[in-house]
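Reading through the structure tokens given below for one structure.
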Amino acid sequence: MKKMKARSFVVVLLVTLVMLVLSACNSSDVASSSEKAKEENEGLPENYPNKSIDALVGFAPGGGQDIIMRTTAQILNDAEIIKQSFVVTNKTGAGGRIASEELARQNSDPYKLIVIPEYGPGWDPRLSLKFSDFQPIASLATSELFIYVHKDSPYETIEELLSSLKSEKDVTIGTLGPIDGGEAFKWDLIKQGAGIDKLNFVPMEGASEGLTAVLGGQIDTTLGVLPLINDYIKTGEVRVLAVLSEERSKDLPDVPTLKESGVEVAFHRYTGIWTGGDVSAKVVNYWAENLEEMTETDTWKTFLKNRGLSPYYLNTEEYTKLIEEEGIEFKKYLEDLEK
């Protein structure tokens, strides 16, 4: 009787072990199938791209971001790197936020791209937009930023302007976007570096509006890129006081850097292409590779030279790291505004 019970126990144990092995195999198969399905879902859509690409611009037609996006689309098509057409749409307002919000609402759409200056949206803790709503793909170009004034301005040098900013509260500064925008953030860094107590900002809808305000005497100074102000430099209508880069500009070698005045602040305005945060990694990589190929064309290099821009291709990893580093600093600035 005891032998029969022992044999029964052994049989039950063997059956149990077999069931556990089969279960493990099935679980492995399920996991494998799940991973495979996920991999397939994260792949390129069939025959991608098989329809027009929606290219968003958060700023007005004719501005720097608009021209970069339209030129990028044109070269991609003309060089037959991308054979599908692009539909460039300007969604202006709130310093580019309107266009960013549209992308965030459709952040899994692989047919939506957006051109973004610098660290972009998603850093303001007061807004619903999060950086995770987006995916940077690649940076394309960068431009030097200059502090300039009207030809009849009393400020002949950057030192004179900084001295006046320290002592007078009525010096007006035009900023691209509101006080919680990226340009005001740059001026705040200058304020800290120069030991200035307070700045008087006048928000502008675009850099071209800032130029018009300087020429018309509505504001004392603002920041500008060379493509915007170069013609006015040549005619003597504006005076450039400083460049906000580590070294003097090759195009304007007589203009000192801000650092030469003792203010340890330097930055530049880079531009890149983003997509939605839920778009697959393979789609992001597809665009990064094709954009890199575009930046190597002679047409793109000529465009940059003619526009006073500099090559600045960063792949997805490098570009995202740069954005996160600067975005965190911008977020701190916004948090300080609320205090």
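The values are calculated or read from the model by the stated rules, or taken from the named source; none is laboratory data. Just so we're clear, the structure is a prediction, and the values are computed from it rather than from any experiment. Virtual Cβ from ideal backbone geometry, glycine too; neighbours counted across all protein chains shown.
For region 140-173: of the residues being small (Gly, Ala, Ser) and surrounded by fewer than 24 Cβ atoms within 10 Å (Cβ to Cβ), which is nearest to Glu247 (Cα to Cα)? Among them, the one singled out is Ala141. When each of Thr295, Thr271 is tested for being hydroxyl-bearing (Ser, Thr, Tyr) and either out of contact with any strand residue (DSSP E or B) (no Cβ under 7 Å at 6 or more places or on another chain) or under 26 Å from Arg97 (Cβ atoms) (or both), the lone residue that passes is Thr271.
Would you say Asp251 is of a type outside the set (Val, Ile, Thr), exposed (fewer than 15 other Cβ atoms within 10 Å of the Cβ) and free of Cβ contacts under 8 Å to residues at least 24 places away in the same chain? Answer is no for this residue. Against the list (1) surrounded by fewer than 16 Cβ atoms within 10 Å (Cβ to Cβ); (2) without any contact (Cβ under 8 Å) to a residue 24 or more places away in the chain; (3) in a helix (DSSP H, G or I), the condition Leu215 fails is (2). Which residue, of Leu103, Leu162, Leu113, is over 30 Å from Glu260 (Cβ atoms), assigned to a helix (DSSP H, G or I) and modelled with pLDDT of 95 or more? Checking each option against the conditions leaves just Leu103. Filtering region 67-93 to residues that are among the acidic types (Asp, Glu) and more than 20 Å from Thr297 (Cα to Cα) leaves nothing.
Screening the candidates Leu314, Leu322 for the property of being closer than 13 Å to Ala141 by Cβ and in the same structural domain as Gln74 (by TED's automatic domain parsing) yields one hit, Leu314.
For region 76-94, the count of residues that are in contact (Cβ under 8 Å) with a residue 60 or more places away in the chain and in contact with a strand residue (DSSP E or B) (Cβ under 7 Å, 6 or more places away or on another chain) is zero. One residue stands out in region 62-91 among those that are in a helix (DSSP H, G or I) and of a type in the set (S, T, N, Q): the one that is surrounded by the most Cβ atoms within 10 Å (Cβ to Cβ), namely Thr72.
Here is a yes/no grid of residues against (1) under 21 Å from Ala266 (Cα atoms); (2) assigned by TED's automatic domain parsing to the domain that holds Leu215; (3) in contact with a Cys (Cβ under 7 Å, 6 or more places away or on another chain):
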position	(1), (2), (3)
Ala73	no, no, no
Thr89	no, no, no
Arg97	no, no, no
Ser100	no, no, no
Asp109	no, no, no
Ser128	no, no, no
Pro136	no, no, no
Lys151	no, yes, no
Leu162	yes, yes, no
